[in-house]
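The values are calculated or read from the model by the stated rules, or taken from the named source; none is laboratory data. As the structure is a computational prediction, the values presented were derived from the model and not from experiment. A quick note on method: Cβ atoms are made from the backbone with ideal geometry, for glycine too, and the neighbour counts reach across all protein chains shown.
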Amino acid sequence: MNETPPPTAAKGSHDEFGMIHPAPDPNEGDAAVLRTEELLLNMGPQHPSTHGVLRVVLDLEGERILKATPHLGYLHRGTEKLAEGKTYQQIVTLTDRLDYVCAMTNNFAYVRAVEKLLGVTVPPRAEYIRTIVAEMQRISGHLFWLGTQALDIGAMTVFFYTFREREVLIGLFEKLCGARLTYSYYTIGGVGNDLTPEIIAALRAFLKTFPEKIAEYNTLLETNRIWLARTKNVAVISAEDAVAYSLTGPTLRGSGVNYDIRKAEPYAAYADVEWEVPLGKNGDTYDRYFIRVEEIRQSARIVSQCLDKLPDGPISIDVPGITYPSKDRVMVDMESLIHHFKMACEGIKPPKGEIYCATEAPKGELGFYINSDGGNHPYRLKIRSPSFVHLGAFDHMARGYLIADIVTIFGTYDVVMGECDR
Amino acid sequence: MHPIESFLQARCPDAVTGVKNAFGELTITVAKARLAEVCRALRDDPEWSFDFLSDVSSVDFPDAEERFEVNYHLYSIGRRHRVRLKARVGEEDCRIDSVTPLWAGANFMEREVYDLMGIEFVNHPDLRRIMLTDDFDGFPLRKDYPTEGRGWRTTFEFLPTTDGPVS
C-alpha cells in the first residue's frame, strides 16, 4: 500500500479517500485551486426519455450544455433502398414502420404522392374518410406526445389520462382495419374499408365527451408550476432560425411561423371545413405544448364537420392498372381474375417522371420524392421525414441549457426514431 | 418562359441549363458550379424569397454521363411556392458546393446524401456519415451496391461463423 511514493506538494495531495487535491499554484491565485474540465456525457441510445434509440453526446461544463451531437442510425433499416425493389402497393406497408405512432398519416402521405404521379383523384367519400382518419391519428399522436412528454418531465398522471383516450381511437382503428398500430389502411386510389355506422356512432360519442377530457389534461398542466418551470423558456428557437433549420409542424408554428400544409396547399377535405392554425409566440416548449393541445381541439372540429358532411359513394376509384378489382367480381369473372393476378404480379406502372409531395403529418412536413422510370417499382424513393430534419436543429436548441432540460428538449420535437432513421 | 427562368437569366447568366414543368412542379437544372450562387439568388430575392429548404435528395443513374443527380426542394413560406433545383454530379469529381451556409437545415440533409450516395459537399461544416457507422464500406443507395448476399456483417470478427465461407 505504501509502495507508491507520497505525492509531492507540487502535484497535490491525496485525502483519506484517495482523491487528488491539486496544490494551488502560487502564480495563478485562487482560480487554479479548482480543476475545471469539460465533461462528455453519453445520453442514450437506451435512455427511456429518448423515445427509441437516439444517442446524444453532450459536452458539458458543469451542468451547462456546451454542445450536443446527435448520433443517429440505430434504427436504420434502409427503407428507401428496400422500396426500390418493391411494387408501389407493397411500399404502403413500409410506410407504417416509419412513424409507428402515426402510421395512418404516413400511409396518407405516401398514397398521395403516388396518386400525384399517376394523376388520379379519389372519390369525395374517400377524401372525407381520409381526412377523418388522418385527424383521428393526429389526435392520437398528439395525445401520445402529451402523455410521454409529461411523463418524462415527471407528471405521471397525464400519461394515464391521455392514453385512456388514445386507446378509444386505436380501438376504432382496429374496428376499421383490423390493426392497432401498423394499419396500411390507405390504398392507392382510396381507402381499404368503409366507415361503418357503428364506428361513426362511436366516434361521435367520443367527440362529445372529448372537450372535457382536454380540459382535464389542461387542469393538470396549464398552470402547474412545475410544468411551467420545466417548459417555459426551454429549447427556445426564433422564427428566423426555425425557418433556416427547416423545422415544420408544431415545432415551427411554436415560433409563430404560419406554415401548415393543410392550409397552404389544401388537400383531401381540409378546404371544405372550418378550422384554424394555432400559432405560438415565444418558440419555447410551453408554446409547442399549447399548440399541440390546440391542434387536438381543431382536429376534433375537423372530424366532426367531416362526419356531418360525409358524402355517399365509392371509397376508392376503380381503374384497371391502379386498383384491384372487387373481390366479388374476381370470384365469378375470368377477366377480373386475370386483372387481379396482373395487379399482384406486376403492380402499378406510373408514367416516367418525378414528383415531390408534402403532407402535414402530426410531427411536421412528411414529404415523398418519387422518381419513376415507368416501371412497377420506384426508381428512387426519398422520404423527407420531419423527425430527421428536426434533429438537425438539436444542437442549436440544446446549447446553454441545463442537463436536466435535455429530457424536455428530446421530447419537444415529438421525435420518433423509426421515421428519423428510416 | 417561366418568370423564374428569366429572373435567373438576368441574375446568374448561363447558370440554368434546363427548365421542365411536369406534374405541376417546376424543375430547374443548374450547372453544378453555379448551384450555390443560384440558391443564394433565389433565397435573397424579395420576389421569390425561397427561405425554406424542404429537402435535399439524390438519384443515381449509373449509365449516364454524369452519374448522380442532386435535388433541392425549395419552398417560400411567405409566397407559398415551390421549386426543384437539380444539379448533375459526375463520378470522378463527385462533389458539389454545400448550401449549409444558406440554410442551416441543409447540414443533416447533405450528410445523409453523403452517407448513402457518396456525394461530397464542399464547405460543409461537419461532413460525416450519419445513418451508418464511420467504418462502413460503400454507399448503399448507389445502384451498383449489392442487394443480395450476406453483406458487411460477415466481416465482423465477433460474430461466430457456424457455416462455410461466404462468397
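Among the residues of segment B:129-147, those identified as facing chain A (nearest Cβ under 10 Å) and either more than 19 Å from A:ARG380 (Cβ to Cβ) or not in a loop (DSSP other than H, G, I, E, B) (or both) are B:ARG129, B:THR133, B:PHE136.
To keep it simple, each residue is scored yes or no on (1) at positive phi; (2) crowded, with 18+ Cβ neighbours inside 10 Å; (3) in the same structural domain as A:VAL234 (by TED's automatic domain parsing).
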{"site": "A:ILE370", "(1), (2), (3)": "no, yes, yes"}
{"site": "A:GLY374", "(1), (2), (3)": "yes, no, yes"}
{"site": "A:ARG384", "(1), (2), (3)": "no, yes, yes"}
{"site": "A:SER387", "(1), (2), (3)": "no, yes, yes"}
{"site": "A:GLY392", "(1), (2), (3)": "no, yes, yes"}
{"site": "A:GLY400", "(1), (2), (3)": "yes, no, yes"}
{"site": "A:ILE403", "(1), (2), (3)": "no, no, yes"}
{"site": "A:VAL407", "(1), (2), (3)": "no, yes, yes"}
{"site": "A:THR412", "(1), (2), (3)": "no, yes, yes"}
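Within segment A:64-116, the set of residues being more than 11 Å from chain B (Cβ to nearest Cβ) and aromatic (Phe, Trp, Tyr) comprises A:TYR88, A:TYR100, A:PHE108, A:TYR110. From A:GLY280, A:GLY256, which residue is without any contact (Cβ under 8 Å) to a residue 40 or more places away in the chain, within 14 Å of chain B (Cβ to nearest Cβ) and either in contact with a Phe, Trp or Tyr (Cβ under 6 Å, 6 or more places away or on another chain) or assigned to a loop (DSSP other than H, G, I, E, B) (or both)? Matching residue, one of A:GLY280, A:GLY256: A:GLY256.
Close Cβ contacts (under 7 Å, 6 or more residues apart or on different chains) running from residues in segment A:212-224 that are closer than 15 Å to A:TRP145 by Cβ and touching a residue at least 12 places away in the same chain (Cβ under 8 Å) to residues that are among the aromatic types (Phe, Trp, Tyr) and surrounded by 17 or more Cβ atoms within 10 Å (Cβ to Cβ) comprise A:TYR217/A:TYR161; A:LEU221/A:TRP227. A:ARG138: buried (at least 24 other Cβ atoms within 10 Å of the Cβ), assigned to a helix (DSSP H, G or I) and either among the charged types (D, E, K, R) or touching a helix residue (DSSP H, G or I) at 6+ places or on another chain (Cβ under 9 Å) (or both), yes or no? Yes; evaluated as a whole, the condition is true for this residue. Mind listing whichever residues of segment A:90-109 are more than 17 Å from A:PHE144 (Cα to Cα) and either touching a Gly at 6+ places or on another chain (Cβ under 6 Å) or among the hydroxyl-bearing types (Ser, Thr, Tyr) (or both)? Selection gives A:THR93, A:THR95. Taking the conditions exactly as written (surrounded by fewer than 16 Cβ atoms within 10 Å (Cβ to Cβ), in the same structural domain as A:LEU391 (by TED's automatic domain parsing) and not in a helix (DSSP H, G or I)), does A:THR219 satisfy them or not? It is false that A:THR219 is surrounded by fewer than 16 Cβ atoms within 10 Å (Cβ to Cβ), in the same structural domain as A:LEU391 (by TED's automatic domain parsing) and not in a helix (DSSP H, G or I).
Please go through segment B:6-51 and pick out each residue that is surrounded by 15 or more Cβ atoms within 10 Å (Cβ to Cβ), within 14 Å of chain A (Cβ to nearest Cβ) and within 21 Å of B:ASN123 (Cβ to Cβ). Those that are surrounded by 15 or more Cβ atoms within 10 Å (Cβ to Cβ), within 14 Å of chain A (Cβ to nearest Cβ) and within 21 Å of B:ASN123 (Cβ to Cβ): B:CYS39, B:ARG40, B:ARG43, B:PHE50, B:ASP51. Within the set A:GLU165, A:GLU174, the sole residue that is crowded, with 18+ Cβ neighbours inside 10 Å, over 17 Å from the mean Cα position of the chain (by Cα) and either farther than 19 Å from A:ALA269 by Cβ or not assigned by TED's automatic domain parsing to the domain that holds A:ILE226 (or both) turns out to be A:GLU165.
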